[in-house]
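> Just passing along the structure, written as structure tokens.
No lab work stands behind these numbers, since they all come straight from the coordinates. What you are looking at is a predicted structure, and each value in this text was computed from that prediction instead of being measured. Here the Cβ is made from the backbone with ideal geometry for all residues, glycine too, and neighbour counts use every protein chain on show.
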Amino acid sequence: MLISPGRNVKHSDMHLLDMVHMGQGNDGKVYIISGNWDPKDSAFGILNTETPKDTRVFMTVAVDLVIAGIREPVRFVIETKAKIFPQNERFWYINKKPLQEKFHLKLKEVESTDGDEAAYEVVSIISQTEKDRKKANLSLNISPTKNIPEDVKTPNGDESSDPDEPIMSGSGSVSKEITDEELLKAWGDTLKVWHQNLALRPKQVHQLCRKGIPEALRGEVWQLLAGCQDSKDMFEAFRILITKDSVSEDVIMRDINRTFPAHDYFRETGGLGQDALYKISKAYSVYDEEIGYCQGLSFLAAGLVLHMPEEQAFAVLVKIMFDYGLRDLFKNSFDDLHLKFYQLERLMQDQLSDLYEHFMELRLEAHMYASQWFLTLFTAKFPLFMVFHIMDVFLSEGMNTIFHVALALLKSNRKELLALDFEGILKYFRVQLPKKYRSEENARELLTTAVSWKISSKKLKKYEKEYMSIKEAQMQQEDPIERYERENKRLMEANMRLEQENDDLAHELVTSKIQLRSDLDAMEARTFESEDKADALAKELLSTKTDLVELEEEKKRLETESAQLKDMCRRELEKLDQESSRNNAIIAEYKQICTQLSERLEKQASASKIDLAKIKEVISGCDRCTKLANTDTQLKSMDTSMTISDGADPNQVLDATKQIRELELELAQTKLALVESECKTQDLTHQLNAALTELQASKNTWFQKTFNSIKEAAAKRDPKERDSKDHKEKERENKERKESMT
């Protein structure tokens, strides 16, 4: 196995790969060769460099096979395009379509040196791709899908300036710029009316389509003309159909590579355009099992997909095939198509008699030049501007548009065709005729001639009856055995098709039953699960209701207890307030009494000192009285201070006595202050307990605590009363002592 970047590589420039495996596959029908190559090798630098956007690189892969009977190894070479993604690319894709190539090997028998086996040498080896490149002609065979030859070709390659080369399909450009403002305005007004009632086509649409639909509006108007502007069922069917297998996939893959090669959107192999054509063609081949995929269908799909998304293009294609009758041309061995050919020739005979006679002399029949016109709606050869304008008229007026355009083409090129022979006419139809309408002016003139041509339905019906009469006459003249064999063959094919359809339907039925059974089981499982959840929720609801009733009863009980507790607290607080007021009054009286006693004591002491001084002054002249006074004073001092020593100073005794009285008075005042602070503390305690009681009234556990706090508050009154009694006793003793001293 060898590999090399580029194409048309010399054999000596190929790079040998390390073989990993070679041998027959599991089914024994294929021979598998695999090898590894290192992209970091300098020789493969091109294949390890990111490919610029919208470009590709080429690579060549070759295999040297040693075949028994051939002296030298045979090299098979495949050239392909490649795209190298960046290393950090996350959304790169691998084309699902395998690269296939068919080789034609021509051998020559030579004398064998062994004499036992035949020996050959290679004369030539050519790939199918090379053979296709050498063919410039497009031959669209009108055979059914199930028997499609492989030599049907569509022009490929770049447009050539050679006058003998036909133009490629998809050539020409259509501008979206609006040059006719009046036409655009007319279409705008028409679409507004049309959208109000989609079932009723406005009358002016017929004439507007003959003038041509603006490119920017074609996608919308084509769907409206076909009546599939909102085919949601068809859109959904398309998404399902593209996932199914089709027996025509190989033919489709081969055909889309030859569809509109001149258009950039379809030029890239495996690109978006070809992928869209593949999906639409595959979906239709599965959708229409009777006809399947018809060669040339991809040209019509390409014209549609340039104006609308894939699913909408598929819906319009189905409408064209079924409602417009295009699929009838492919049925019953193309009987309806041959009828169209006969009608075209009869129209030529009536309206272009000289050209008809010329064709008859040359034995040139309509199917030799008009097959593509009917089967592809002129999309396979002519420039896009003309193709789209024909589609405008076709979707508006129907199948007879093909007759109008065909007669206009024949009439416009009448002189040239009359001057040519058989081969020249066929070449003219293939090469010169499409090139003539690359000019938009010529294309418009042709369509003007086409829509002005009068073709009556009665005349076409007449031609149809003539054709049927001719067919019947031919069948009567035909050998009955051949006719029966042909009819038998047709019936057998129909029977096989019906059996295949029956098998497919049976398979779908079994699949549907299995799917329904699976869905039913899943639904039953979900039902059981839902019932279990419902039972659990019902039990939970019942439990919640029971808890709610209990909580409501508990709430009522707590509210009752709270009300009782509030009443009790209110009564106790009122009682405590009364006692506090009484105690405050008593304390105030005590303070007043103490003040009065202190003032009285001070006055008496001052008066006593004055009286004593006066007495001493009076008796100072009498020695006897003086002695008696001194003796009496000493006796009194001894009575009042028993603990003082005999040698103590009388002034010190008086000072000590005075200090004792002051201390006793200060003690009494301190006790009064203590009683006042205890009363304030008791009031604050009551207020705190009341607040706590109101905040936690709903809790039963606080009831006992509050009650205990009330008891404690009541108990605190006893020490105060005892202090008051002690104070009174002390006051009485002080009073008696003062009186005795006085």
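> Normalised by the empirical 2.2 N^0.38 Å for globular proteins, what value does the Cα Rg of the range 395-489 take?
On the way: Rg = 18.9 Å, N = 95, 2.2 N^0.38 = 12.4 Å.
In units of the 2.2 N^0.38 Å rule of thumb, it is 1.52.
> By the gyration tensor of its Cα atoms, with a ≥ b ≥ c the square roots of the eigenvalues, what is the shape of the range 326-457: rounded for a/c under 1.5, prolate for a/b over b/c, or oblate?
Values: a/c = 1.38, a/b = 1.05, b/c = 1.31.
In terms of gyration-tensor shape, rounded.
> Could you tell me which residue out of Val316, Val247, Pro261 lies farthest along the dipole of the range 229-323 toward its positive end? Charges go on the beta carbon: Lys and Arg +1, Asp and Glu -1, centred on the Cα centre.
Comparing the listed Cα positions along the dipole, Pro261 ranks first.
> Now for a separate question. Using the per-residue mean of other Cβ atoms lying within 10 Å as a proxy for protection, in what order, highest first, do the peptides 521-533, 168-180, 207-219 fall? Could you put the intermediate results ahead of the total?
On the way: 521-533: 10.1, 168-180: 15.6, 207-219: 18.2.
Ranked by mean Cβ neighbours within 10 Å, highest first: 207-219, 168-180, 521-533.
> Taking the Cα atoms of the range 229-323, report the difference between the largest and smallest coordinate on each principal axis, in whole Å and largest first.
For the range 229-323, the Cα extents along the three principal axes come out at 33, 28, 23 Å.
> Oh, and also: Which ³J(HN,Hα) values, rounded to whole Hz and listed in residue order, are derived for the range 291-308 from phi using the Karplus coefficients 6.51, -1.76 and 1.60 in 6.51 cos²θ - 1.76 cosθ + 1.60 with θ = phi - 60°, glycine and proline given as x?
9, x, 7, 10, 4, x, 5, 5, 5, 5, 5, 5, x, 6, 6, 6, 10, 7
> For a paramagnetic label modelled at 7 Å from the Cα of Gln432 toward its Cβ, which residues of the range 325-365 fall within the zone defined by backbone nitrogen distances under 16 Å?
Only 355, 359 fall inside the zone, counting backbone N under 16 Å.
> Tell me whether the range 455-523 comes out rounded, prolate or oblate; compute the Cα gyration tensor, take square roots of the eigenvalues as a ≥ b ≥ c, and use a/c under 1.5 as the rounded threshold.
Numbers: a/c = 10.51, a/b = 2.18, b/c = 4.82.
Taking the square roots of the gyration eigenvalues as a ≥ b ≥ c, the range 455-523 is oblate.
> What Kirkwood hydrodynamic radius do you get for the range 2-135 when you take the inverse of the mean 1/r over all pairs of distinct Cα atoms, in Å?
17.7 Å
> Also, quick follow-up: Provide the packing ranking of 79-87, 292-300, i.e. peptides ordered by the mean count of other C-beta atoms within 10 Å per residue, highest first. Please report the intermediate quantities before stating the final value.
Working: 79-87: 13.8, 292-300: 26.4.
So the peptides 79-87, 292-300, ranked by packing, come out 292-300, 79-87.
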